[in-house]
Amino acid sequence: MQLSQVFLWCVSDGVPRRSLYVALIVGTILNLINQGDALFSGGDLNVTKIILTFVVPYCVATYGAVSYRARRAKAGSGENISAHRLLSFFLARFFPIRLE
């Protein structure tokens, strides 16, 4: 399996839309839990936390969809697809920071 195929799975067949729905629902709930007091009392909000609280569910939902498709493709083609390879792709795609 090539990374171009993984990327195509990330952006096709409604994956971005479903991931966005999950991110909006889960992110909103988590933001209300984590920063509800600041939100309702007029306190300072941490914008970085707000953004990450939406990005993480989006990445998790996308990873789940791509992982499912990869397993389905593996079963049909006999190709060996490791979860580590998929996770590495997502980490590199969404968090391009290199620790050296």
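Candidates Phe90, Phe54: the one that is modelled with pLDDT under 70 and either within 16 Å of the chain's Cα centre (by Cα) or under 16 Å from Val11 (Cα atoms) (or both) is Phe90.
In this entry, Tyr63 passes the filter for residues that are touching a Phe, Trp or Tyr at 6+ places or on another chain (Cβ under 7 Å), surrounded by 12 or more Cβ atoms within 10 Å (Cβ to Cβ) and at pLDDT 80 or above.
The values are calculated or read from the model by the stated rules, or taken from the named source; none is laboratory data. Predicted model only: the values in this text are computed from it and were never measured. Don't worry about glycine lacking a Cβ; one is built from the backbone with ideal geometry, like all the others, and counts go over all protein chains shown.
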